[in-house]
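The values are calculated or read from the model by the stated rules, or taken from the named source; none is laboratory data. A quick note: this is a predicted structure, and the numbers were derived from the prediction, not measured. Neighbour counts run over all protein chains shown; Cβ positions are idealised from the backbone, glycine included. Heavy atoms of the whole protein, side chains included, go into the accessibility calculation; ligands, DNA and RNA do not. Shrake-Rupley method; radii C 1.70, N 1.55, O 1.52, S 1.80 Å.
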Amino acid sequence: MTPPALHCGPHRFDLTRPRVMGILNVTPDSFSDGGRFFDAARALDHARRMAADGADLIDIGGESTRPGAAPTALDDELARVIPLAATLAGEGIAVSVDTRKPEVMRAAIAAGAAMINDVGALAAPGALEACAASDAGVCLMHMRGEPGTMQQAPAYDDVVAEVRAFLLGRAKACVAAGIAPSRIVLDPGFGFGKTLAHNLTLMRALPELAAAGYPVLAGLSRKRSLGELTGRGVDERLPASLAAALAAVARGAAIVRVHDVRETVDALKVWLAVEGSRS
Ligand code: 7PJ
């Protein structure tokens with residue numbers, strides 16, 4: 001079952017209610033809001049608005065991991081992410097940094113980031129050590145393949161068993177490296193080397209993943225699978241994203257990673273009023 005709390009640097013999140021991570025992409029090319037916040041002043045405004053709207057964490061990403069994306073140079077990623085992370089952390093906002101690079105992790109932690117969100121599950125050489133040397137939270141995500149090619153015919157024998165085993169293996173590696181279990185979050189990585197059918201199977205199996213004892217994060221906001229289900233373009237996926245967030249939370253997700261914070265917070269308030277506390 002979901003543990004009662006998550007420790008992320010100076011922040012401690014009570015997980016008896018679902019938490020919201022607001023997405024701040026600071027890349028010129030992200031698939032949904034890419035380019036829109038690629039200006040530091042606007043990015044700061046947007047992050048502050050998401051925090052005021054009830055985001056518990058702001059996830060800053062400076063490397064596009066959308067399907068087909070090319071890798072980002074280290075210096076570009078540092079320049080996009082670190083000043084923003086430092087400013088927001090200095091305002092008491094819980095900042096998560098979405099990166100696969102140990103150098104960015106270390107700089108983010110030094111700048112006050114409360115969480116490292118790694119779509120590569122800290123597999124890069126030095127990533128585990130960079131996080132272990134801090135008290136930041138870590139989000140371990142499953143990805144099959146690499147962003148450049150991951151949507152080319154992804155295949156699994158048993159997607160739930162494979163994703164679960166991978167994530168638990170990475171959690172074990174984290175604990176062995178000195179990262180306390182209370183700092184670890186698991187994420188099945190919707191859309192990262194997964195078809196719509198895989199994503200739906202994983203969504204239905206979220207309770208199984210949550211039963212491992214780590215909080216589960218679900219990222220479905222505006223994703224392609226929601227477009228496949230509704231026929232809507234990326235800017236018209238808010239209702240689908242809200243439905244997906246509620247479906248994930250109802251199956252045990254502790255944190256939802258979303259673009260539309262205000263709307264998601266409202267939807268979760270209604271869900272929580274009906275449901276009462278979750279544990
Ligand atoms: C995810 C992510 C996700 C985690 C992205 C997008 C694509 N990190 N980074 N989980 N997705 N933990 O924002 O749609 O699902 S980038």
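Rounded, prolate or oblate: which one fits segment 60-135, using the alpha carbon gyration tensor with axes a ≥ b ≥ c (rounded when a/c is under 1.5, else prolate when a/b beats b/c, else oblate)? Please list the in-between numbers first.
Numbers: a/c = 1.83, a/b = 1.23, b/c = 1.48.
Oblate.
Relative to the present Cα-Cα distance, how much length would full extension add between Ser277 and Leu229 at 0.36 nm per residue of separation? Mind dumping the intermediate values first?
On the way: separation 48, 0.36 × 48 = 17.28 nm, distance 3.05 nm.
Once the chain is fully extended between Ser277 and Leu229, it gains 14.2 nm.
Per the Kirkwood treatment, what hydrodynamic radius in Å, one decimal, follows for segment 177-279 from the mean inverse distance over all distinct Cα pairs?
14.3 Å
May I ask you to list the lysines whose Cα is less than 19 Å away from that of Lys223, ignoring any residue fewer than eight positions away on the same chain?
Hits, sequence-local ones excluded: Lys194.
Using every pair of alpha-carbon atoms in the chain, split the distances into 5 Å bins beginning at 0 and state the percent of pairs per bin, rounded to integers.
1, 6, 14, 19, 22, 19, 14, 6, 1, 0
Would you list Asp75, Asp260, Asp157, Asp187 from the most to the least accessible area, probe 1.4 Å? Working shown, then result.
Values: Asp75 110, Asp260 30, Asp157 155, Asp187 10 Å².
My answer, sorted largest first, is Asp157, Asp75, Asp260, Asp187.
Using packing as a proxy for protection, rank 231-243, 135-147, 105-117 so that the peptide with the highest average count of other Cβ atoms within 10 Å comes first.
Values: 231-243: 15.5, 135-147: 22.7, 105-117: 24.4.
The peptides rank, most packed first, as 105-117, 135-147, 231-243.
Taking the full set of protein chains and a 1.4 angstrom probe, give the accessible area of Phe192 in square angstrom, rounded to the nearest 10.
20 Å²
With every protein chain kept in the model, how would you rank His46, His7 by accessible area, 1.4 Å probe, largest at the top? Could the numbers behind the result be given before it?
On the way: His46 35, His7 75 Å².
Ranking His46, His7 by accessible area, largest first, yields His7, His46.
Relative contact order (percent) for segment 118-216, with alpha-carbon contacts under 8 angstrom and 6 or more residues of separation? Before the final figure, lay out the partial values.
Working: 126 pairs, mean separation 33.9, N = 99.
Across segment 118-216, relative contact order equals 34 percent.
Using just the Cα positions, wrap segment 63-193 in a convex hull and report its mean projected area in square nanometres, one decimal place. Mind dumping the intermediate values first?
On the way: hull surface 31.1 nm².
Mean projected area for segment 63-193: 7.8 nm², to one decimal.
To the nearest 20 debye, what is the magnitude of the charge dipole of the chain about its Cα centre, counting +1 on the Cβ of each Lys and Arg and -1 on the Cβ of each Asp and Glu? Working shown, then result.
Details: 29 positive and 31 negative charges, 106 e Å.
In debye, rounded to 20, the chain gives about 500.
Can you show me the helix-derived [θ] at 222 nm for the chain, built from DSSP H runs with n ≥ 4 at -39,500 (n - 2.57) apiece and divided by the number of residues, rounded to the nearest 500. Walk me through the numbers on the way to the answer.
Values: 10 runs with 113 residues, N = 279.
Result for the chain, helices only: -12500 deg cm²/dmol.
What is the calculated FRET efficiency for Ala211 to Ala70, with r their C-beta to C-beta distance and R₀ = 45 Å, to the nearest 0.05?
On the way: r = 38 Å, r/R0 = 0.84.
Computed FRET efficiency for Ala211 and Ala70 comes out at 0.75.
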